[in-house]
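The structure appears right after this line, and notes come after that.
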Amino acid sequence: MNIDPLGNIALSALVAAIPIFFLFWALAIKRMKGQFAAMGGTGLAILIAVLVYKMPVDLAALSTLYGGAFGLFPVCWIVITALFIYNMSVKTGQFEVIKNSLASISDDRRLQALLIAFSFGAFIEGAAGFGTPVAITAAMLAGLGFNPLYAACICLLANTAPVAWGAIGIPIVVGGQVAGIPDFALSQMVGRTLPLISVFIPLYLVIVMAGWKKGWEVWPACFVSGGSFAVAQFFAANSPLTAPLLPDIVASLASIICTVGFLQFWHPKESWHFADEPKSLGKQELKFTGGQIFRAWAPFIILSLFVCAWGIKPVNQALNQMTKLVFDYAMPISGLDKMVIDQIGKPKAAVYNFNFLSAAGTAILFAWFFSIMVMGASLKTAIGVAGDTLKTLKWPIVTISTILGFAYIMNFSGMAITLGYAFAETGFAFPFFAALLGWLGVFMTGSDTSTNALFGKLQAVTAEKLGIDPVITMSANTSGGVCGKMISPQSIAVATGATGLVGRESEIFRFTFKHSIFLAIIAGILHMLWTYVFPGIVPVYVKPAVAAAAALKAAAGPIVINPDGLMWLGIFVGIVAFVTLMSRVLGANLLAPVEGHDEVHFH
């Protein structure tokens, strides 16, 4: 890997950025369809890797295919299974009950966006991450009657607040490991930064959706939603009892409870709907019993339970061990694994993990199986919904796989590191540009976790050279990264697949880009302040001793499944079974519709 092939880091970085410039041009100016923009950007990246970085053609091809495989599993697997549940809810007519239950709290689109896109989306992000919250909440908003473009964009914007602790804190854990910083210290630093942004996100998104005047009309609800989330996020991120794994779960539950409670006593004078919708007549009358509402929401409750269970470390270990009893899911990519030597002389591993049982998408698949029983759907209906879902997702699947191929060729060729080194040349201003580097990384990879893994060591080493605490630059990388999530082609492809906007990726990109860069700049400014004006906000920590790398020796004996994981899995499955049973008992008079008709019937 040659990170400076042209002998001038600025010039090399300019060439390395050509595929990224192409993606910006294709989506923002040319308004190209997402799949074609992704193909063009990936093709350019391969050409530059081979012609400029002198990467062997076979390694370039394998790197791209490796990324594409990761795009198919586990990323697309999450989107597909999430839409199985949503589409089944629509097909059986039970989503009508959900719509009425929300409209009885408020039919105001601004408040519905707060509850679903922000609060509920943050819960799903904290439990599963990797595109799951955007897939689920965007589909739900579109089903409620939101303008599909706004449904997609609002969910992408709302997803900014929780991404740093997504999937049970994985970005923080990975960032700490790569940078050699305690993950608790990194959680503290990010937890003293992002709440300052999170508190304003609800008001920000309703203003984006409804305009300044109409947005400010609901500032009390936004204050409760964002304020409760930010306060809980701050304390959870700074508490050894909940950090770094649970800040999102704690903050989202606080936001849901406080917002729903507040809306029982407060409502704007006039409900707001989109211009192309009929004039609002105010809150709807609740047409269903508590049991019927519980039954309609049960699939999403079950989904939340499963993704939470899968996020518990012993459960994840047990599921991986069960997978290994059948086949070795960690498959080295022959011809690529350890064939690329990075800029510090370390061979890059290329191991494809087909950890089917422990994948978040599989948790959602199990939730779908139970949801079929909850909804009372026939096997024919379930199979039909699954087939229709796969048909509608064919282009998003292509886009996601291709853009992950783009991310991996940028990584394995050295182009991503070139860009990182160019940012590191900014000296005094590096804490600011560290946030923009994180932003760029998430744009390329679609993942704050991947960006922390990609740039973590660079951020830490550069900070130490400049006399800056590396926890600041790693926090900047993480916090800036969350702002890039909304413009990542991977995230946009997930949103278009969920809302039926396939082919209109460029519109979403143009919509979200200005908000993305604005929030990333705010993150950068905050980290400049932490570095030079308010250094007292930086947590005090003891840097762990650098451990000597040791090869993991596989146990010669038989695989033993983690008993704690089995225990927790059994507990959660028992809870899910109880929820399934109670939903059928309490909502017994809520029947599935006649085949071919999306109607709910009552006896």
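The values are calculated or read from the model by the stated rules, or taken from the named source; none is laboratory data. Keep in mind the model is a prediction, meaning the values are calculated, not measured. Backbone-built Cβ (ideal geometry, glycine too); neighbour counts: all protein chains shown. Keep in mind that these areas ignore ligands, DNA and RNA; they rest on the heavy atoms of the full protein, side chains included. Shrake-Rupley method; radii C 1.70, N 1.55, O 1.52, S 1.80 Å.
Listing for the model above:
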item: Residue within the range 421-428 that is of a type in the set (G, A, S), over 23 Å from G68 (Cβ atoms) and buried (at least 17 other Cβ atoms within 10 Å of the Cβ) present; result: yes
item: Residue check for A453: assigned to a helix (DSSP H, G or I), in contact with a helix residue (DSSP H, G or I) (Cβ under 9 Å, 6 or more places away or on another chain) and at pLDDT below 85; result: yes
item: Checklist (1) under 30 Å from V218 (Cβ atoms); (2) touching a residue at least 12 places away in the same chain (Cβ under 8 Å) applied to P332, failing item; result: (1)
item: Among the candidates F288, F300, residue that is hydrophobic (A, V, I, L, M, F, W, C) and buried (at least 21 other Cβ atoms within 10 Å of the Cβ); result: F288
item: Residue within the range 248-264 that is more than 18 Å from F120 (Cβ to Cβ) and touching a residue at least 40 places away in the same chain (Cβ under 8 Å) present; result: no
item: Test set (1) assigned to a helix (DSSP H, G or I); (2) of a type outside the set (A, V, I, L, M); (3) over 24 Å from the mean Cα position of the chain (by Cα) - Y541 fails condition number; result: (1)
item: Residue match in the range 10-29 (condition: touching a residue at least 24 places away in the same chain (Cβ under 8 Å) and more than 27 Å from R510 (Cβ to Cβ)); result: yes
item: Among the candidates I409, I372, I383, I417, residue that is under 26 Å from T462 (Cα atoms), modelled with pLDDT of 85 or more and not in a loop (DSSP other than H, G, I, E, B); result: I409
item: Test: residue in the range 379-401 that is charged (D, E, K, R), over 23 Å from V15 (Cβ atoms) and under 18 Å from the mean Cα position of the chain (by Cα); result: no
item: Selection count where residues are open to solvent by less than 60 Å² (accessible area, probe 1.4 Å) and on the phi > 0 side of the Ramachandran plot, scope the range 303-339; result: 1
item: P431 being in contact (Cβ under 8 Å) with a residue 40 or more places away in the chain and more than 21 Å from the chain's Cα centre (by Cα); result: yes
item: Filter result for F118 (touching a residue at least 40 places away in the same chain (Cβ under 8 Å), in contact with a helix residue (DSSP H, G or I) (Cβ under 8 Å, 6 or more places away or on another chain), open to solvent by less than 10 Å² (accessible area, probe 1.4 Å) and part of a loop (DSSP other than H, G, I, E, B)); result: no
item: G503 being at pLDDT below 85 and at positive phi; result: yes
item: Matching residues, the range 340-355, being among the aliphatic types (A, V, I, L, M), within 13 Å of G414 (Cα to Cα) and open to solvent by less than 40 Å² (accessible area, probe 1.4 Å); result: V340
item: Among the residues listed as I508, I525, the single one being open to solvent by 10 Å² or more (accessible area, probe 1.4 Å), assigned to a helix (DSSP H, G or I) and of a type in the set (A, V, I, L, M); result: I525
item: Residue check, F433 hydrophobic (A, V, I, L, M, F, W, C), open to solvent by 50 Å² or more (accessible area, probe 1.4 Å) and under 30 Å from A520 (Cβ atoms); result: yes
item: Index of the failed condition, D108 passing every other in (1) under 26 Å from G480 (Cα atoms); (2) crowded, with 22+ Cβ neighbours inside 10 Å; result: (1)
item: Neighbours by Cβ (under 6 Å, 6+ apart or cross-chain): first from the range 309-323, under 18 Å from V173 (Cα atoms); second part of a helix (DSSP H, G or I) and among the charged types (D, E, K, R); result: P314/D564
item: Filtered residues of the range 1-37 (kept if closer than 21 Å to S401 by Cα and open to solvent by 80 Å² or more (accessible area, probe 1.4 Å)); result: F21, W25, R31, K33, F36
item: The range 206-236, residues that are surrounded by 21 or more Cβ atoms within 10 Å (Cβ to Cβ) and modelled with pLDDT under 90; result: M209, A210, A236
item: Tabulated pairs, the range 477-504, first over 15 Å from F433 (Cα atoms) and open to solvent by 10 Å² or more (accessible area, probe 1.4 Å), second modelled with pLDDT under 85 and basic (K, R), C-beta under 6 angstrom, 6+ apart or interchain; result: G503/K33
item: Subset of the range 180-194 that is surrounded by 24 or more Cβ atoms within 10 Å (Cβ to Cβ) and not small (G, A, S) - its residue that is nearest to P162 (Cα to Cα); result: L194
item: Among the candidates I168, I116, I154, I124, residue that is within 16 Å of L253 (Cβ to Cβ) and either at pLDDT 85 or above or of a type in the set (S, T, Y) (or both); result: I116
item: Residue satisfying all of: in the range 223-237; in contact (Cβ under 8 Å) with a residue 60 or more places away in the chain and polar (S, T, N, Q); farthest from G175 (Cα to Cα) among these; result: S225
item: Test: residue in the range 273-285 that is in a loop (DSSP other than H, G, I, E, B), over 24 Å from V208 (Cα atoms) and at pLDDT 85 or above; result: no
item: Any helices (runs of 4 or more DSSP H) falling wholly within the range 1-97 and containing at least 1 residues that are of a type in the set (A, V, I, L, M, F, W, C), within 30 Å of A382 (Cβ to Cβ) and touching a helix residue (DSSP H, G or I) at 6+ places or on another chain (Cβ under 9 Å); result: 57-70, 77-91
item: Within the range 356-383, tally of residues that are out of contact with any helix residue (DSSP H, G or I) (no Cβ under 7 Å at 6 or more places or on another chain) and either crowded, with 22+ Cβ neighbours inside 10 Å or in contact (Cβ under 8 Å) with a residue 12 or more places away in the chain (or both); result: 4
item: Every residue from the range 100-120 that is more than 18 Å from the chain's Cα centre (by Cα) and not hydroxyl-bearing (S, T, Y); result: N100, L102, A103, I105, D107, D108, R109, R110, L111, Q112
item: Inter-residue pairs, beta-carbon under 6 Å, first over 14 Å from L393 (Cα atoms) and at pLDDT below 85 and in the range 78-92, second of a type in the set (S, T, Y) and open to solvent by less than 10 Å² (accessible area, probe 1.4 Å), 6+ apart; result: I85/S371
